[in-house]
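Peer 1: Provided herewith is a single structure, encoded as structure tokens, for subsequent inquiry.
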Amino acid sequence: MLENVKDEIQGVLKKYPDKKSAVMDMLRIAQREASGHLTKEAMDEIAGLLGMPPVEVHAAAAFYTMCRINMPAGKHRVWVCRNLPCSLMGAEHIIKYLEKKLGIKTGETTHDLKFTLDTAECLGSCGTAPMMQVDDDYFENLTESKIDEILAAKGRES
Amino acid sequence: MDKVLLKKLGDPEAHKIDNYVKAGGYKALGMALKMPPDNIIQAVKDSGLRGRGGAGFSTGLKWSFIPKDPTIKKFLCCNADEGEPGTFKDRGIIDWDPHLLIEGMIIASYAIGAAKSYIYIRGEFALGAARLDAAIKEAYAKGYLGPNVMGTGFNHDMFVHRGFGAYICGEETALLESIEGFRAQPRKKPPFPALAGLYSKPTVINNVETLSCIPAIIERGAKWFSSIGPEKSPGPKIFCVSGHVKKPGLYELPMGTTLREIIFNHAGGMLTEKPLKAVIPGGVSAPMLTEKDLDTSMDFDSLAAKGTMLGSGAVVVMDSSACMVKTAYIINRFFSHESCGKCTPCRDGTPWLTNILMRLEHGEGKQGDVELLEGLCANIFGRTFCPLGDGAVMALRGALKNFRNEFEYHAKTGRCLG
Ligand SMILES: Cc1cc2nc3c(=O)[nH]c(=O)nc-3n(C[C@H](O)[C@H](O)[C@H](O)COP(=O)(O)O)c2cc1C
Ligand code: SF4
Ligand code: FES
């Protein structure tokens, strides 16, 4: 499955004196290529490419919270920050509102497979709390109407 | 004080190399490359710069531990893992002024003789990683990176290493393990990274803000830097202000500015008419202070004398609406979530603390819970492999010391005092 991104992988390998160091980039690429989750096959393929025992790749993957192993995610990943500064500014309310609006609980994916909702620990944006990350982008100073707009715009993307 | 670190904050064009050079960028690099490396290390020592990643160790001294033997490979790693809750300063530099960091890193690499450097940026900072990748590419194109930097014969390559979600990667030896492709668990010290760091080679690990101070030290001199703020803890410092204030955000001020000035003069004062109840001065690992401590000078030594720390300079302000049991629960939940699992006191102790705090917060506390918390703290503190476990205990002890009655009230009645 990593055939299509050969050039990108070559670039990654060039960064390090030891191939093994590329494991995090490879996991990220594999996860992106497989709609947001890591399969056992992908991790085994990475192990082969990097000359690592598969268990080491699995162990590295299991360590990092952004790795999503064997659980297909929705098209858009939503992470709401729930650490102290965001909580002081109403993060719990934002989480409840998103759960209601999407009709799911934290950790779940909507039936139309458009959104997966999760919480996150401090995302380094505490001055503009409450905030959430949707895919690669930060959305800050959240209000209910802002959330409505963001979800509507993301929901329209096909 | 004119700004050094955040002068580009909010300028949408400043991250491009032409604009950086036009504003005087890369001049310090040219000056540094004409200096003998040891003179740079001496200047950084003389400036009094202390690490902005949390521990406050002398940067020049750290660099001076690197062996001088030119046949040994060396590395520089920039710590851009920025995970301490309340902290968002490194992102402020990386997103808006990536070349400032890159210039600082090239100078540091030249000073210690490193031919390669890595920027370890936390996985969630996608914009930051893209900004850095683009800026590094520009710097190569202009001859600030690559072979024969600015025609001086110094060679340097720089790479971005993206994290994938784990607070412990900010601990310097866990960061090295993570780059090497292992699970990110801290290493035993000694050997210290200065002797055996990345790929077992001598390595300097410095925070983003630390390295971003370097160009100004070269250009304006060590004296200028050391004249800002307290004598033993000088220089400009970024304070990250969040929580119940009118104007949360990043403030670059002289080290040693008081908490009162930061909160009331710069951050606009309290958000509503509710009074200040508690303030965390340096990220959630730092024990909280109260109203009576507002005149404390924000520097490494003054805060240590108050039993807390400057840490990352993350100031979290709480008014009277904040429940301290809930605050302690959120902070502890974070630490138990981020425990890397290497040592038992932290791996087993922090979730235990979290469970007790959760039941107190949810009105299901029991008599004796406060004592149980204290007993557990005593069993964790000083027995953990790295400072994460101690940080969890220190934060909780700070809350208990100042607001013990609130915890007891929760245990007895299942409710908040408020
Ligand atoms: C649990 C833990 C997390 C840390 N997280 C960070 C971090 O996110 N960024 C950082 O620069 N330093 C962090 N540090 C401190 C680093 O270990 C190290 O001291 C620092 O990067 C050295 O750079 P400096 O001398 O420029 O401060 C952390 C330390 C510990 C124990
Ligand atoms: S104190 Fe916690 S984070 Fe540090 S090594 Fe032990 S288990 Fe890991
Ligand atoms: S606490 Fe939410 S971004 Fe820091």
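The values are calculated or read from the model by the stated rules, or taken from the named source; none is laboratory data. Not measured: the values here are computed from a predicted model. Methodologically, a virtual Cβ is constructed for each residue, glycine included, from the backbone with ideal geometry; neighbour enumeration extends over all protein chains shown. Each accessible area value is taken on the protein alone, full model and side chains, heavy atoms only, with ligands, DNA and RNA left out. Shrake-Rupley method; radii C 1.70, N 1.55, O 1.52, S 1.80 Å.
Peer 1: Would you pull out the residues with amide H under 5 Å of A:HIS76's amide H, same chain only if 5 or more places away, H placed 1.01 Å from N?
Peer 2: Hits under the 5 Å cutoff: A:PHE115, A:THR116.
Peer 1: Can I ask one more? In segment B:35-75, which residues have a backbone nitrogen under 13 Å from the label point lying 7 Å from B:PHE192's Cα in the Cα-to-Cβ direction?
Peer 2: B:51, B:56-67
Peer 1: Rounded to the nearest 500, what is chain A's calculated 222 nm mean residue ellipticity when only DSSP H runs of at least 4 contribute -39500 (n - 2.57) each, over all residues?
Peer 2: -13000 deg cm²/dmol
Peer 1: Need the per-residue list for segment A:1-21: every residue with at least 30 Å² less accessible surface in the complex of protein chains than in the chain by itself, probe 1.4 Å, sorted by number.
Peer 2: A:LYS15, A:TYR16, A:PRO17, A:LYS20, A:SER21
Peer 1: What's the FRET efficiency of A:GLU41 with B:MET150 using the Cβ-Cβ distance as r and R₀ = 41 Å, to the nearest 0.05?
Peer 2: So the FRET efficiency works out to roughly 0.30.
Peer 1: Determine the share of the protein assembly as shown's accessible area contributed by carbon and sulfur atoms, expressed in whole percent, with a 1.4 angstrom probe.
Peer 2: Roughly 54 percent of what the probe reaches on the protein assembly as shown is carbon or sulfur.
Peer 1: Still on this structure, I have one more. Summing both sides, how much accessible area is buried between B and A? Use a 1.4 Å probe and give Å² to the nearest 100.
Peer 2: Summed over both sides, the interface buries about 3800 Å².
Peer 1: Report ³J(HN,Hα) in whole Hz for each residue of segment B:393-402, in order, from the Karplus equation J = 6.51 cos²θ - 1.76 cosθ + 1.60 where θ = phi - 60°; Gly and Pro get x.
Peer 2: 5, 4, 4, 5, 4, x, 5, 5, 5, 7
Peer 1: Same structure again: How many partner chain Cβ atoms sit within 10 Å of a residue's Cβ in peptide A:135-143, on average, as a whole number?
Peer 2: 2
Peer 1: Taking accessible area as the heavy-atom solvent-accessible surface of the protein chains with a 1.4 Å probe, which residues of segment B:310-350 lose no less than 50 Å² upon going from the isolated chain to the full protein assembly?
Peer 2: B:ILE330, B:ARG333
Peer 1: Moving on. Compute the accessible area per residue over chain B, keeping the other protein chains in place, probe 1.4 Å, unit Å².
Peer 2: With all protein chains present, chain B gives 37 Å² per residue.
Peer 1: Assuming R0 = 30 Å, can you tell me the calculated FRET efficiency for the pair B:ASP2 and B:LYS232, based on Cβ-Cβ distance, to the nearest 0.05?
Peer 2: 0.85
Peer 1: Using the Karplus equation 6.51 cos²θ - 1.76 cosθ + 1.60 (θ = phi - 60°), what ³J(HN,Hα) coupling, rounded to whole Hz, does each residue of segment B:363-380 give in order, writing x for Gly and Pro?
Peer 2: Using θ = phi - 60°, the values come out as x, 10, x, 10, 4, x, 4, 5, 5, 4, 4, 5, x, 5, 4, 5, 7, 8 Hz.
Peer 1: If you count only protein heavy atoms with a 1.4 Å probe, what accessible area per residue comes out for chain A, rounded to a whole Å²?
Peer 2: Per residue, chain A has an accessible area of 45 Å².
Peer 1: Rounded to the nearest 5, what % of DSSP beta bridges with both residues in chain A are antiparallel?
Peer 2: Counting only bridges with both partners in chain A, antiparallel ones make up about 50 percent.
Peer 1: Rounded if a/c is under 1.5, else prolate if a/b is larger than b/c, else oblate: which is chain B, with a ≥ b ≥ c the root eigenvalues of its Cα gyration tensor?
Peer 2: prolate
Peer 1: Go ahead and run the numbers for FRET between A:THR110 and B:LYS27, Cβ-Cβ distance against an R0 of 60 Å, rounding to 0.05.
Peer 2: Efficiency, from the Cβ-Cβ distance: 0.65.
Peer 1: Same structure, new question: Output the residues of segment B:98-137 meeting this criterion: accessible area (heavy atoms, 1.4 Å probe) in the chain alone minus accessible area with all protein chains in place is 50 Å² or greater.
Peer 2: Residues meeting the cut-off: B:GLU124.
Peer 1: Enumerate by residue number the trypsin sites (Lys or Arg not before Pro) in segment A:1-99 meeting two conditions: DSSP loop (anything except H, G, I, E, B), and at most 10 other Cβ atoms within 10 Å of the site's Cβ.
Peer 2: Here the sparse-neighbourhood loop sites are A:LYS14.
Peer 1: Give me the inter-chain shielding for B:244-253: mean count of other chain Cβ atoms within 10 Å, whole number please.
Peer 2: If you average over the peptide's residues, the count of other-chain Cβ atoms is 2.
Peer 1: On to the next question. Could you report the accessible area of A:THR110 in Å², rounded to 10, computed with a 1.4 Å probe on the protein chains as they sit in the structure?
Peer 2: Only protein atoms counted, so the area is about 10 Å².
Peer 1: Need the full-extension length gain, B:ALA304 to B:GLN367, defined as separation in residues times 0.36 nm minus the C-alpha distance. One decimal, nm.
Peer 2: Computed gain between B:ALA304 and B:GLN367 is 19.4 nm.
Peer 1: Can you give the three extents of the C-alpha atoms in the protein assembly as shown along their principal axes, from longest to shortest, in whole Å?
Peer 2: 72, 58, 46
Peer 1: Then there's this: What number, rounded to the nearest 500 deg cm²/dmol, is the helix-based mean residue ellipticity at 222 nm of chain B, given -39500 (n - 2.57) per DSSP H run of at least four residues and division by all its residues?
Peer 2: That comes out to -12500 deg cm²/dmol.
Peer 1: Using modelled amide H (1.01 Å from N, peptide plane; none on Pro or chain starts), what sits under 5 Å from the amide H of B:PHE75, excluding residues fewer than 5 places away?
Peer 2: The answer is B:THR203, B:VAL204.
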